[in-house]
1. Taking the chain as the reference, fit the longest principal axis to its C-alpha atoms, fit the long axis of helix 31-47 to the helix C-alpha atoms, and give the angle between the two in degrees, 0 to 90, nearest 10.
2. Can you tell me which aspartates and glutamates have their Cα less than 19 Å from the Cα of residue 190? Leave out same-chain residues fewer than eight positions away.
3. For the stretch 15-191, what does the relative contact order come out to in percent, with C-alpha contacts under 8 Å and a separation of six or more?
4. Which trypsin sites (Lys or Arg not before Pro) in the stretch 17-104 sit in a loop by DSSP (not H, G, I, E or B) and have at most 16 other Cβ atoms within 10 Å of their own Cβ?
5. Once fully extended, how much extra length lies between residue 58 and residue 23, figured as 0.36 nm per residue of separation less the alpha-carbon to alpha-carbon distance?
6. What's the exposure ranking of 35, 113, going from fewest to most Cβ atoms within 10 Å?
7. In nm, what is the difference between 0.36 nm times the number of residues separating residue 32 and residue 44 and their Cα-Cα distance?
8. For every other residue with a beta carbon closer than 15 angstrom to the beta carbon of residue 32, add +1 if it is Lys or Arg and -1 if Asp or Glu, then tell me the sum.
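Please treat every number below as a calculation from the coordinates, not as lab data. All of these numbers come straight from a predicted model, not from anything done at the bench. A quick note on method: Cβ atoms are made from the backbone with ideal geometry, for glycine too, and the neighbour counts reach across all protein chains shown.
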Amino acid sequence: MNANDALPDLDFPGHDKLVAAIDAAVGAGDEHAVTAALRSALCSMIRDQEVQLPSCVHDPIDDHYARREIYRSRDHGYSVVAMTWGPGQGTPVHDHCGLWCVEGVWDGELEITQYELLEREGERFRFRAAGGMHAGPGSAGSLIPPHEYHTIRNASDREVAVSLHIYKAPMEACSMFVPNDGEWFARVAKELKTDEAA
């Protein structure tokens, strides 16, 4: 979606409640205060039976995990993206192009691995896994650059997982890191497309 397109704003049960909670959190102060407030708000919204994501976000896409932007704030600039992870679907190591993000698991379970950047030589990056977790429904975490390198994967071979991501601004591109030699990875620019949401 480009900047000239209409801003996405799907109607779903609890829409206004979710947006009000996010709006309140983004006014919390610096990026650390904002992401802490958003983590708390997102955990609360996931557990709130009045908030139900659009039905389309529960439909996986066979050949890639789905990214559906369900809301973009005119006033604050943030973007809310629902991601649908079919069994075994996941990401390579990637960054968030300098944007903070709060991610919460809505349904299912996701395996998240953080990576530490050890050194860089031009477009080659040396990473080491720096811890991972299995996140279930109602859990949320945040990424604040420069600590933004990670992978996400649905480890289940049967169940679909759904996560909600709140970005400081629309994330339309990122860097992917392709394994090269041991702990070394090559950076590849990736344009991020959004899938149809209805």
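1. 60
2. Partners within reach: 63, 69, 95, 123, 148, 172.
3. 26
4. 74
5. Separation in residues times 0.36 nm, less the Cα-Cα distance, equals 10.1 nm.
6. 113, 35
7. 2.5 nm is the gain from fully extending residue 32 to residue 44.
8. For residues surrounding residue 32, the net value is -1.
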